[in-house]
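Step one of this worksheet: look at the structure below.
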Amino acid sequence: MEVVAKIVDGVYYVGVNDRDTHLFENIWPLTKGVSYNSYLVVDEKTALIDTVKVSKMSEYIEKIHQILGGKKLDYLIVNHMEPDHSGAIASIVHAFPGVKVVGNNRTHDFINAMYHIDVNFYEVKEGDEIDLGNRKLKFFLTPMVHWPETMMTYEMNDKILFAGDAFGGFGSLDGGIFDDEVDVNYFENEIRRYYSNIVGKFGPMVQKALQKFNGVEIKIVCSTHGPVWRTNPMHIISAYDRWSRYEYEEGVVIAYGTMYGNTEKMADYVARVLAEEGVKNIRVMNTSTTHESFIINEIWRFKGIILGTCTYNNGIFPPMENLLINLSHKGLPNRVFSVFGTYGWSGGGVKGIVDYIERNKWQMVGEPVEVNFSPCEEDFGRLRKLAVEMAKVIESE
Ligand code: FEO
């Protein structure tokens, strides 16, 4: 007996949990696992919406058989082709011969190029509908949320939005599947981490997608990851709206790279001054021990970013440089930056970060503080000044 859940009569959750994979996309840590959500609509005709990663196949197919009970599968709706959702397409086509695979023109190209299989493809365009008998499915094309072929499927009777990656996050579904069955704060943090790491680069496209649903009643949000939002779908829709507008809260992230503790000492001092100046949300994060996935998540949340580095081979300490490369990929606007760091004989770490900031046209607050080996009293004075200026900017709104 496999775990399935009824969303409403005739609509079922048939997703799976993955607690085996260490890195999502082979980059982002899955410290709390992840779920690959798939949904089955059983009406006069039947439709499976999105599939799961290939590693969970036998459990997944068993769930579908368990609900269909010998009924034919008529449609497989492919909202998104990233392999965490498209991995089971070939197996579904094999297990349910004749199933119509539904997607847009880009979906078909991607199926051909990724899996080299012949499918009975049914192309839909913006606003097209499929009649299942008592229920109708309507399609909204939402490119770049998260890939160009991405679309969403809206079930018109019970007003359920099958949203693809949108509104979803990391974290396996450990018993609780619905928002009213889980600690929403636990998931919200992992949803923001998924958003900032995976989808965040495409904020304007997320906004465009959200605008398509102005005036469309949504009672239930079914994402391809994380909980099903049946009690308070507006909670996650509003959060997504804020994140994709790049809104921020009052707070500062201090990310630092240190070899022997001197740059860390500066980070702790800056944090203390910020606290004295009234900043309550301060996150001090070591780039050597904290994966950039978690640092980017905090940076998405707060306005102030203070970067500290020691000098390594005449440049930025490599774990810090890795964070900067990732940050510049995300294109995050409207944050403010400050810089500090150390050098032994050549310098180059602080200058390297300042160059990044200028290249990305990020706003700088205060004078960068660069220290020879270890901070002296005068250096702490300069750090105090920098922290006070940052606190003023943070609290100015
Ligand atoms: Fe959950 Fe873009 O894949």
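The values are calculated or read from the model by the stated rules, or taken from the named source; none is laboratory data. It should be emphasised that the depicted structure is a prediction, and the values quoted were computed from it without experimental measurement. Every residue, glycine as well, gets a Cβ built from its backbone with ideal geometry; the counts of neighbours run over all protein chains shown. When the accessible area is computed, the model is the full protein with side chains, heavy atoms only, and any ligands, DNA or RNA have been set aside. Shrake-Rupley method; radii C 1.70, N 1.55, O 1.52, S 1.80 Å.
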When the charge dipole of the chain is computed with +1 at the Cβ of Lys and Arg and -1 at the Cβ of Asp and Glu, the Cα pointing farthest to the positive end, of S293, V350, N185, is that of V350
Quick shape summary for region 100-159, equivalent ellipsoid via Cα gyration tensor, semi-axes whole Å in descending order, reads 22, 15, 8
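Net charge near R384, counting Lys/Arg +1 and Asp/Glu -1 over other residues with Cβ under 15 Å of its Cβ?
Neighbourhood net charge equals -3.
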Total charge of the residues flanking F302 in space, meaning their Cβ is under 12 Å from its Cβ, with Lys and Arg +1 and Asp and Glu -1, is +2
Projecting the Cα atoms of I218, A5, P233 onto the charge dipole of the chain, where Lys and Arg contribute +1 and Asp and Glu -1 at Cβ, the residue farthest towards the positive end is I218
Rounded to the nearest 10, the angle in degrees between the Cα long axis of helix 233-244 and the longest principal axis of the Cα atoms of the chain comes to 40
Once all protein chains are kept in place, K208 shows an accessible area at probe 1.4 Å, nearest 10 Å², of 120
Interchain or sequence-distant (5+) residues whose placed amide H lies within less than 5 Å of the amide H of G251 are K303, G304
Under the helix-only model (-39500 (n - 2.57) for each DSSP H run of 4 or more, divided by the residues of the chain), the mean residue ellipticity at 222 nm, to 500 deg cm²/dmol, is -10500 deg cm²/dmol
Going residue by residue through region 16-22, the Karplus relation 6.51 cos²θ - 1.76 cosθ + 1.60 with θ = phi - 60° gives ³J(HN,Hα) values, rounded to whole Hz and with x marking Gly or Pro, of 9, 9, 10, 10, 9, 6, 7
When every protein chain stays in place and a 1.4 Å probe is rolled, T290, T231 sorted by accessible area with the largest first are T231, T290
Restricting to lysines and to Cα separations under 24 Å from K32, and discarding same-chain partners fewer than 8 apart, the set is K53, K56, K63, K201, K330
Under 5 Å from the placed amide H of F24, counting only residues 5+ away or on other chains, we find L30
Karplus ³J(HN,Hα) for region 322-331 (6.51 cos²θ - 1.76 cosθ + 1.60, θ = phi - 60°; Hz, whole; x = Gly/Pro) runs 4, 4, 5, 4, 5, 5, 5, 5, 6, x
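Just the projected area, averaged over all directions, of the convex hull on the alpha carbon atoms of the chain: how many nm²? Before the final figure, lay out each step's value.
Working: hull surface 81.9 nm².
The orientation-averaged projected area of the Cα hull of the chain comes to 20.5 nm².
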Note, region 157-162: 3J(HN,Hα) by Karplus (6.51, -1.76, 1.60, θ = phi - 60°), whole Hz, Gly/Pro = x, goes 6, 8, 6, 9, 9, 8
Beyond 20 Å, the calculated P(r) of region 249-394 holds a percent of Cα-Cα pairs equal to 39
With +1 at each Lys and Arg Cβ and -1 at each Asp and Glu Cβ, the charge dipole magnitude of the chain around its Cα centre, to the nearest 20 debye, comes out at 400
For region 128-244 (alpha-carbon point model, no solvent) the Debye-based log₁₀ I(q)/I(0) at q = 0.11, 0.12, 0.15, 0.24 Å⁻¹ works out to -0.33, -0.40, -0.63, -1.47
In region 329-380, the trypsin sites (Lys or Arg not before Pro) that sit in a DSSP loop and have at most 12 other Cβ atoms within 10 Å of their own Cβ are K361
Given backbone amide H placed at 1.01 Å from N, residues whose amide H is under 5 Å from that of V371, ignoring those fewer than 5 places away on the same chain, are G341, T342, Y343
From most to least accessible, 1.4 Å probe, no ligand or DNA/RNA atoms counted, E378, E82 line up as E378, E82
Rounded to the nearest 10, the angle in degrees between the Cα long axis of helix 57-68 and the longest principal axis of the Cα atoms of the chain comes to 40
Sparse-neighbourhood loop hits (chymotrypsin sites (Phe, Trp or Tyr not before Pro), region 1-82; DSSP loop; Cβ within 10 Å at most 11 others) -> none
